[in-house]
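The values are calculated or read from the model by the stated rules, or taken from the named source; none is laboratory data. None of these values were measured; they are calculated from a predicted model. Neighbour counts are summed over all protein chains in view; Cβ atoms, including those assigned to glycine, are modelled from backbone coordinates with ideal geometry. The protein model used for the area step is the full one, side chains on, heavy atoms only, and it has no ligands, DNA or RNA in it. Shrake-Rupley method; radii C 1.70, N 1.55, O 1.52, S 1.80 Å.
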Amino acid sequence: MQSIGVGLIGTGYMGKCHALAWNGVKPVFGDGPRPRLVHLAEIDADLAARRAAEFGFERATANWQDVVADPEVEVVSITTPNALHAEMALAALAAGKHVWCEKPMAVTLADAERMAEAARAAGRVAALGYNYIQNPLIRHIGALLAAGTIGVVNHVRFEMDEDFMADPEAPFSWKSDAASGYGAPDDFGVHPLSLIAVLFGGVARVMAQLAKPYADRPLAGGGRRAVATFDSACVLMELRNGATGIMALNRAAWGRKGRLAFQIFGSGGTIAYDQERMNEFQLFTASGDPAEQGFRTVLTGPVHPPYERFIPAPGHGLGFNDLKLIECHELLNAIAGRPARIIDFAAGLGIERAVHAIARSHREASWFDV
Ligand SMILES: NC(=O)c1ccc[n+]([C@@H]2O[C@H](COP(=O)([O-])OP(=O)(O)OC[C@H]3O[C@@H](n4cnc5c(N)ncnc54)[C@H](O)[C@@H]3O)[C@@H](O)[C@H]2O)c1
């Protein structure tokens, strides 16, 4: 395959990230087909045309069905608000396209199940936007865990904090609308859950408390509207490997900009990581002279693949968009039938089940199996 035809639906924050990844994947990795940016959709025709010119797409439309129906489009990036993922992914799969859909997979579990079944029946690759699993250091941490470097893992602590909902007067957006899902658990918590899935095989049961710090938010046209989603969550977890864990989520955490932090405690050491400092992690091993033991900082470099595809020099650092580009390359590997590190719709269903178990646990104040 010399080239692959790409469609993009939605050109906001994530739409631009996907466009950058599609534009950069061939220069960075060198292998695989050259993406041909064929058709892009936005809700407004003028904006669609502008974005197509900026991102390098050949055609633009205000009707996303045009992208799905385009015979020259072979893979569709879906970067629209959560409530639209299911309808768009199902249509793309029905048209025989591969799909790269942003997280969360869907708002309801029934829709997520339909999407996983549609991908299976179509025999197409359907990958989810779980970019944080693509950090070369997360791969390396996975290898350290598999090698037993910190012994048997018995407890984990995950935190995800950002402050985009911290201002009580921030305008009402789709993220506060019930149509977008629960809020912190699915819009947000799916990211730590994706890391738990690749590092530990997922979550077995949960006990959760969700909260709405602000009851309502101002509307653009005046007045206020009640907030329907939860901005914070506290979750007790039992992982599939038997370890206990805690996950704390807060979309209203002033000062935290992109904190996706975890500590992994084992019988022989500890690993600590924070996405705000995504080019390093901390490793403590209970070995050697106790008088000289301590956490050491490991910086990312060419020894942590695929960092070397971006820069030959260690310690210079990758960024968020590079994770998206690695994700794009893994998607192309999967389409080519090569081993790929993606969370596809089948695996993503496990994350969705955890999300809905968290919401049910909050409603019924009880532990729930995932
Ligand atoms: N993977 C990540 O780290 C990450 C980060 C942020 C957001 N997301 C996810 O990406 C998705 C989009 O979020 P965002 O922050 O980019 O939102 P956004 O509001 O910046 O962009 C969404 C875009 O979709 C467009 N759109 C809406 N309805 C459309 C339709 N019917 N047809 C065509 N275009 C339409 C909007 O006009 C907008 O430009 C969400 O599901 C979100 O959860 C993922």
### Message
Can you say whether A89 is modelled with pLDDT of 95 or more, open to solvent by 10 Å² or more (accessible area, probe 1.4 Å) and within 13 Å of the ligand (Cβ to nearest atom), as far as the supplied structure shows?
### Response
no
### Task
Would you check if L20 is open to solvent by 40 Å² or more (accessible area, probe 1.4 Å), closer than 24 Å to F320 by Cα and touching a residue at least 60 places away in the same chain (Cβ under 8 Å)?
yes
### Message
Just to check your reading of the model, which residue among L239, L210, L219 is closer than 24 Å to I342 by Cα and of a type in the set (A, V, I, L, M, F, W, C)?
### Response
L239
### Members of segment 40-77 that are within 12 Å of the ligand (Cβ to nearest atom), in contact (Cβ under 8 Å) with a residue 24 or more places away in the chain and over 28 Å from R309 (Cβ atoms)
A41, E42, L47, A48, W64, Q65, D66, V67, V68
### Conditions (1) in contact (Cβ under 8 Å) with a residue 40 or more places away in the chain; (2) open to solvent by 50 Å² or more (accessible area, probe 1.4 Å); (3) among the hydrophobic types (A, V, I, L, M, F, W, C); number of the one not met by F295
(1)
## Note on the structure
S173 meets each of (1) of a type outside the set (A, V, I, L, M, F, W, C); (2) within 12 Å of the ligand (Cβ to nearest atom); (3) under 19 Å from the mean Cα position of the chain (by Cα); (4) closer than 25 Å to A226 by Cβ with one exception, condition (3)
### Task
Go through segment 262-282 and count every residue that is surrounded by fewer than 19 Cβ atoms within 10 Å (Cβ to Cβ) and in contact (Cβ under 8 Å) with a residue 60 or more places away in the chain.
5
### Condition met for N333 (out of contact with any strand residue (DSSP E or B) (no Cβ under 6 Å at 6 or more places or on another chain), part of a helix (DSSP H, G or I), open to solvent by less than 40 Å² (accessible area, probe 1.4 Å) and over 28 Å from A110 (Cα atoms))
yes
### Query
Restricting attention to segment 23-47, which residues are surrounded by fewer than 23 Cβ atoms within 10 Å (Cβ to Cβ) and part of a helix (DSSP H, G or I)?
N23, G24, K26, P27, V28, F29, A45, D46, L47
### Task
Can you tell me which residue among L323, L318, L283 is under 15 Å from the mean Cα position of the chain (by Cα) and closer than 28 Å to I150 by Cβ?
L323
### Query
Can you find a residue in segment 188-197 that is modelled with pLDDT under 95 and aromatic (F, W, Y)?
yes
### Query
Any idea which residue in segment 311-339 is nearest to A122 (Cα to Cα), counting only those that are more than 16 Å from the ligand (Cβ to nearest atom) and touching a Ser or Thr at 6+ places or on another chain (Cβ under 8 Å)?
G317
#### Entry: Flag if T80 is open to solvent by less than 30 Å² (accessible area, probe 1.4 Å), under 17 Å from the mean Cα position of the chain (by Cα) and either within 10 Å of the ligand (Cβ to nearest atom) or more than 29 Å from M160 (Cβ to Cβ) (or both)
yes
### Members of segment 285-297 found to be under 15 Å from H140 (Cα atoms) and either of a type in the set (F, W, Y) or part of a loop (DSSP other than H, G, I, E, B) (or both), listed by number
none
### Message
Quick check on R51: is it outside any loop (DSSP other than H, G, I, E, B) and within 12 Å of G10 (Cβ to Cβ)?
### Response
yes
### Message
Residue under question is A146, and the condition is that it be away from the ligand (no atom under 16 Å from the Cβ), at pLDDT 95 or above and either among the hydrophobic types (A, V, I, L, M, F, W, C) or within 20 Å of A336 (Cα to Cα) (or both); does it hold?
### Response
yes
### K97 vs. criteria over 24 Å from A359 (Cβ atoms) and of a type outside the set (G, A, S)
yes
### Task
Would you point out the residue of segment 1-17, among those that are open to solvent by 40 Å² or more (accessible area, probe 1.4 Å) and part of a helix (DSSP H, G or I), that is farthest from the ligand (Cβ to nearest atom)?
K16
### Query
Which of the residues belonging to segment 153-170 are under 20 Å from the mean Cα position of the chain (by Cα) and either exposed (fewer than 14 other Cβ atoms within 10 Å of the Cβ) or in a loop (DSSP other than H, G, I, E, B) (or both)?
E162, D163, F164, M165
### Query
Can you tell me which residue in segment 342-370 is farthest from F230 (Cα to Cα), limited to those that are outside any helix (DSSP H, G or I) and within 13 Å of the chain's Cα centre (by Cα)?
I342
